[in-house]
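The values are calculated or read from the model by the stated rules, or taken from the named source; none is laboratory data. Please read these numbers as outputs of a predicted model, since none were measured by experiment. No Cβ is skipped: glycine too gets one built from the backbone with ideal geometry, and neighbour counts run over all protein chains shown. For the accessible areas, the whole protein counts, side chains as well, though only heavy atoms, and no ligand, DNA or RNA atoms are used. Shrake-Rupley method; radii C 1.70, N 1.55, O 1.52, S 1.80 Å.
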Amino acid sequence: MKQQLLRSLPKIDELLMHPLIVEQLAFVPRELTADIIREVIQETRTAILSMDEKALSEAQPIHVEGLVQAILEQIAEESAYSLKRVINTTGVVLHTNLGRSLLPSSMMAHMADVATGYSTLEFDIDNGKRGSRYSHIEKLLCRITGAEAALVVNNNAAAVLLALNTAANG
């Protein structure tokens with residue numbers, strides 16, 4: 001009975017040609033889809049091999065549609081965005097686990113506009129040469145803080161390292 005169930009498992013190429021899976025190939029890379037199909041087939045194979053006599057006697061035939069549904073669910077799970085919007089009810093305004101400070105929608109619109117094309121990230125239009133990515137914020141930070149110079153890093157560890165390095169250099 002086990003051998004009969006195992007032989008009834010469809011080939012990966014057959015599942016890749018199933019119309020519902022072909023639809024997904026427009027959105028999900030073929031390699032990822034094939035990997036997920038292999039995983040679902042292997043999980044099914046393992047389940048069959050672990051069946052005892054009672055479970056085997058009650059086992060239903062393997063239906064391609066059931067496998068396809070399991071594959072589609074796994075594709076949806078693996079291709080879903082992991083970052084999700086939440087409501088901060090902690091009472092902590094700048095919560096490091098919840099994305100820190102919020103950005104205004106006008107800034108997000110500008111960032112989306114710039115991020116979907118080429119930008120002047122490290123290019124100085126005035127002199128037509130390579131620029132500095134810090135030039136976009138340094139002047140503003142100096143004005144706000146009264147500092148002589150400013151540097152932006154992407155995390156606290158980098159800031160601490162730079163501060164300690166500067167202090168250690170006298």
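Whether any residue in the stretch 98-109 is open to solvent by less than 100 Å² (accessible area, probe 1.4 Å) and part of a strand (DSSP E or B) is what I want to check.
No, the stretch 98-109 contains no residue that is open to solvent by less than 100 Å² (accessible area, probe 1.4 Å) and part of a strand (DSSP E or B).
Output the number of residues of the stretch 44-65 satisfying the condition of being exposed (fewer than 13 other Cβ atoms within 10 Å of the Cβ) and either of a type outside the set (A, V, I, L, M) or in contact (Cβ under 8 Å) with a residue 40 or more places away in the chain (or both). Can you show your working first?
Pass one, the stretch 44-65, residues exposed (fewer than 13 other Cβ atoms within 10 Å of the Cβ): 46-47, 49-50, 52-55, 57-58, 60-61, 63, 65.
Pick out the ones that are also either of a type outside the set (A, V, I, L, M) or in contact (Cβ under 8 Å) with a residue 40 or more places away in the chain (or both) and you get 46, 49-50, 52-54, 57-58, 60-61, 63, 65.
The number of residues fulfilling the criteria is 12.
What are the residues in the stretch 52-63 that are over 15 Å from Arg7 (Cβ atoms) and not in a helix (DSSP H, G or I), if any?
Going residue by residue through the stretch 52-63, those that are over 15 Å from Arg7 (Cβ atoms) are 52-55, 57-58, 60.
Within the stretch 52-63, Asp52, Gln60 qualify.
Is it the case that some residue within the stretch 74-95 is acidic (Asp, Glu), touching a helix residue (DSSP H, G or I) at 6+ places or on another chain (Cβ under 7 Å) and part of a helix (DSSP H, G or I)?
To start, the set of residues in the stretch 74-95 that are acidic (Asp, Glu) comprises 77-78.
This time we only want the ones that are touching a helix residue (DSSP H, G or I) at 6+ places or on another chain (Cβ under 7 Å), so: 78.
If we keep only those that are part of a helix (DSSP H, G or I) too, we end up with 78.
Among the residues of the stretch 74-95, at least one is acidic (Asp, Glu), touching a helix residue (DSSP H, G or I) at 6+ places or on another chain (Cβ under 7 Å) and part of a helix (DSSP H, G or I), which makes the answer yes.
For the structure I just gave you, tell me whether Pro10 is over 26 Å from the mean Cα position of the chain (by Cα), at pLDDT 90 or above and not aliphatic (A, V, I, L, M). Talk me through it step by step, then tell me what you get.
On the way: over 26 Å from the mean Cα position of the chain (by Cα): yes; at pLDDT 90 or above: yes; not aliphatic (A, V, I, L, M): yes.
So Pro10 fits the description; yes.
Those residues that are open to solvent by less than 80 Å² (accessible area, probe 1.4 Å), modelled with pLDDT under 90 and within 27 Å of the chain's Cα centre (by Cα), I need them from the stretch 111-152; list them, please.
Matches in the stretch 111-152: Val152 only.
Can you confirm whether Asp35 is assigned to a helix (DSSP H, G or I) and over 26 Å from Tyr81 (Cβ atoms)?
On the way: assigned to a helix (DSSP H, G or I): yes; over 26 Å from Tyr81 (Cβ atoms): no.
For Asp35, the condition - assigned to a helix (DSSP H, G or I) and over 26 Å from Tyr81 (Cβ atoms) - is not met.
Based on what the data block shows, is Thr89 of a type in the set (Ser, Thr, Tyr) and open to solvent by 90 Å² or more (accessible area, probe 1.4 Å)?
On the way: of a type in the set (Ser, Thr, Tyr): yes; open to solvent by 90 Å² or more (accessible area, probe 1.4 Å): yes.
When the stated conditions are applied, Thr89 passes them.
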